[in-house]
Amino acid sequence: MAGAVAEDVKVLGVSLSPFVIRVLIALRLKRVQYELVEVRLAEPKSETLVKSNPVYKKIPVLLHRGKPICESAVIVQYIDEEWTDGGGSSSILPAAPFDRAIARFWAVYIDDKLPALIRAMRPEKEAAKVTELAGQIRQVLGLLEEAFAVCGKGKGFFGGDAVGYLDIALGSCLGWIVALEKGKSVKLLDAEEFPQLAEWADRFLAEESVKGLVPDADEYLKILGVAAVGTSTTAA
Amino acid sequence: MPQTASLHLTNRLHIHIVLESESERERERGARMAEAVVLLDVWVSPFGQRCRIALAEKGVAYEYKEEDLANKSPLLLQANPVHKKIPVLIHDGKPVCESLVIVQYIDEVWSDGAPILPADPYARAQARFWGDFVDKKIYDCGIRLWKLKGEAHQEAKKEFIEILKVLEAELGDRKYFGGDAFGYVDIALVPFFAWFYTYETCGGFSVEAEAPKLVAWGKRCMERESVSQTLYDPLKVYEFVCSLKKKYGIE
């Protein structure tokens, strides 16, 4: 890769985790070469993982010259601040303090709501509960649809012209969102209800820095134990 | 303000007038600046206190607005429509929400004051990690200490002591969490120092016994005006929690 920076950068994680995906996108944006080290998450957890993240014992962990950084939001900001020059790589967080505060606010909001809702929906078999959870996810997406115009200021991404902090925070969850739509037959990121977000999602997934990092819905469906078939009738 | 030595009478009068109008201008400037920064808050909120401490550390004049959470102001509802919660910092009419987002904003806007986050990216990452840890753990576990009974209470007590020990280990023998300089993690955690009495009384343990270095750190932080002028007496906090318990019908 032209302008790639060779450093001692390892990411402990699994390629399906949205939190890990955030870190990988950020590294790609900064053209930093890295090694993804898959670690054992089931008990007994990988010793490397426990040693480098003793507080939470969770992925992702970024190991830069052997020093660990934990929590995806913290890691992404670290990547943004550590690799600031060369390679024409842009800033992940916006430049102006107020815009940064808005991006951070929405990233906190996403993390407060989305992962828990996704986790709750995954094993849920009862139709009424699935519908309720889908409604809650759509509420979150609704607020982000509104926020998109404010943050993006008419451009293609939350970060403006380029993929930024908030794009990464939400975009990393797209694999799961699409998989749940298929697997549970519900509307989530509905193009009619959220036209801007739907267009943004396509744009995001097609981006150079993102391509291939967000696994296909089929990969997630395997976890759900659903056969990888094409989409059937429109969701409830 | 320069001290006047013994001077010729007319000079003295001239200086007196100059000083008068200078301080008048300063007062006006201060008032204008204060209008530009408004903090929507509730007196006892540790999250609001983080913002107050950060503003004080930077020497930023601001207008404090006490909210009645049972009767939220239209301004609060407009400024934080998503959560309708305090604290909210309104700067030149633009609202910033989430206490640690606000603290980082204050650090970035008033960048000529003493830095809240360190300069080194790795140190900043560690500070953000621990600020986030405090955010995730203390308040929610603390609530369970005074809301719950029986098995659940014992569980909360065990967890809370564990949280204290993790923080104690992280602090180690350092003056502050950031090292020699008072900073982000200190600001994130120190408002809860005034809650230790409540937590240990409701929890049935001693914070000092479990985390002596943390208590010493808290006392050191209280030597800073920004902290001592912001935190309330632990007994007042305890009174507040007792009134909450009564409101929720908890014995």
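Worth pointing out:
- Residue pairs exceeding 22 angstrom between C-alpha atoms, taken from A:LYS67/B:LYS219; A:LYS113/B:LYS94; A:LYS184/B:LYS85; A:LYS10/A:LYS30: A:LYS67/B:LYS219; A:LYS113/B:LYS94; A:LYS184/B:LYS85.
- Distant alpha-carbon pairs in segment A:90-192 (separation over 16 angstrom), percent: 57
- In the protein assembly as shown, the DSSP beta bridges split such that about 70 percent are antiparallel, to the nearest 5.
- For q = 0.14 Å⁻¹, Debye-computed log10 I/I(0) when each Cα of chain B counts as one equal scatterer: -0.99
- Segment B:103-117 - phi-based ³J(HN,Hα) in whole Hz, Karplus 6.51/-1.76/1.60, Gly and Pro as x: 4, 5, 4, 4, 4, 7, 6, 9, 6, 8, x, 4, x, 8, 8
- For the chain pair B and A, the buried solvent-accessible surface (1.4 Å probe, both sides summed) amounts to about 2200 Å².
- Using θ = phi - 60° in the Karplus curve 6.51 cos²θ - 1.76 cosθ + 1.60, the 3J(HN,Hα) couplings for segment A:74-82 round to 5, 4, 4, 5, 4, 4, 5, 8, 7 Hz; x is entered for Gly and Pro.
- Calculated FRET efficiency for the pair A:ASP112/A:LYS155, C-beta based, R₀ 22 Å, to 0.05: 0.25
- When B:HIS91, A:HIS64 are compared by accessible area at a 1.4 angstrom probe, the order from most to least is B:HIS91, A:HIS64.
- Applying both filters, DSSP loop and at most 11 other Cβ atoms within 10 Å, to the trypsin sites (Lys or Arg not before Pro) of segment A:38-144 gives A:ARG65, A:LYS125.
- The Rg/Rh ratio of segment B:203-244, with Rg taken over Cα atoms and Rh as the Kirkwood radius over Cα pairs, comes to 1.04.
- Within a Gaussian network of chain B (alpha carbon springs, distance under 10 Å), most fluctuating of B:ARG128, B:ARG224, B:ARG25: B:ARG25
- Per-residue shielding of A:51-60, expressed as the average number of other chain Cβ atoms within 10 Å of the residue Cβ, stands at 1.
- Hypothetical label at A:VAL55: residues of segment B:110-131 whose amide nitrogen lies under 15 Å (7 Å Cα-Cβ projection): B:118, B:122-131
- Separation between Cα centres of segment A:198-218 and segment B:79-119, rounded to whole Å: 32
- Take each residue of peptide B:75-86, count the partner chain Cβ atoms within 10 Å of its Cβ, and average: the result is 1.
- Using all pairs of distinct alpha-carbon atoms, the Kirkwood hydrodynamic radius of segment A:86-144 works out to 13.6 angstrom.
- In the full protein context, chain B carries 51 Å² of accessible surface per residue, based on a 1.4 Å probe and ignoring ligands, DNA and RNA.
- Maximal additional length on extending the B:ALA123-B:LYS72 stretch stands at 14.5 nm, based on 0.36 nm per residue less the C-alpha distance.
- With only Cα atoms counted, segment B:19-155 has Rg and Dmax values of 17.9, 67 Å.
- Here each label is just a point 7 Å from Cα along the line to Cβ, and for B:LYS136 and B:ASP92 those points are 3.5 nm apart.
- 25 °C / 0.890 mPa s Stokes-Einstein diffusion coefficient of chain A, Kirkwood radius on C-alpha pairs, µm²/s: 133
- With helices as the sole contributors, chain A gives -16000 deg cm²/dmol at 222 nm; each DSSP H run of n ≥ 4 counts as -39500 (n - 2.57), and the sum is divided by every residue.
- When a 1.4 Å probe is rolled over the protein heavy atoms, the share of accessible surface on chain B that falls to carbon and sulfur comes to 53 percent.
- Electrostatic dipole magnitude of segment B:130-251 [Cβ: Lys, Arg +1; Asp, Glu -1; Cα centre; debye, to 20]: 340
- Set of aspartates and glutamates near B:LYS84 by C-alpha distance (under 15 Å), chain-local residues within fewer than 8 positions excluded: B:ASP41, B:GLU66, B:GLU67, B:ASP68, B:GLU98
- Separation of segment A:117-179 from segment A:1-71 is 24 Å, based on Cα centroids.
- With R₀ fixed at 41 Å, the C-beta to C-beta distance from A:LYS222 to A:ALA96 puts the FRET efficiency at about 0.45.
- The mean count of C-beta atoms from other chains within 10 Å of the C-beta of residues in A:96-106, rounded to a whole number, is 6.
- Radius of gyration (Cα atoms) of the protein assembly as shown, expressed as a multiple of 2.2 N^0.38 Å: 1.09.
- For segment B:134-143, putting each phi into the Karplus relation 6.51 cos²θ - 1.76 cosθ + 1.60 with θ = phi - 60° gives couplings of 4, 4, 6, 9, 5, 4, 5, 5, x, 4 Hz, in residue order, rounded to whole numbers and with x for Gly and Pro.
- Cross-link partners of A:LYS129 among aspartates and glutamates (Cα-Cα below 15 Å; sequence separation of 8 or more within a chain): A:GLU181
- Charging the Cβ of each Asp and Glu at -1 and of each Lys and Arg at +1, and nothing else, the dipole of the protein assembly as shown about its Cα centre rounds to 840 debye.
- Carbon + sulfur, % of accessible area of segment A:1-148 - ligands and nucleic acids excluded, 1.4 Å: 53
- Taking all C-alpha pairs of segment B:87-229, those more than 21 Å from each other amount to 47 percent.
- DSSP beta bridges in chain B [antiparallel fraction, %, rounded to 5]: 70
The values are calculated or read from the model by the stated rules, or taken from the named source; none is laboratory data. All figures in this text were calculated on a predicted structure; none of them were measured in a lab. We place every Cβ from the backbone using ideal geometry, glycine too, and count neighbours over all the protein chains shown. All accessible areas refer to the heavy atoms of the entire protein, side chains included, with ligands and DNA or RNA removed. Shrake-Rupley method; radii C 1.70, N 1.55, O 1.52, S 1.80 Å.
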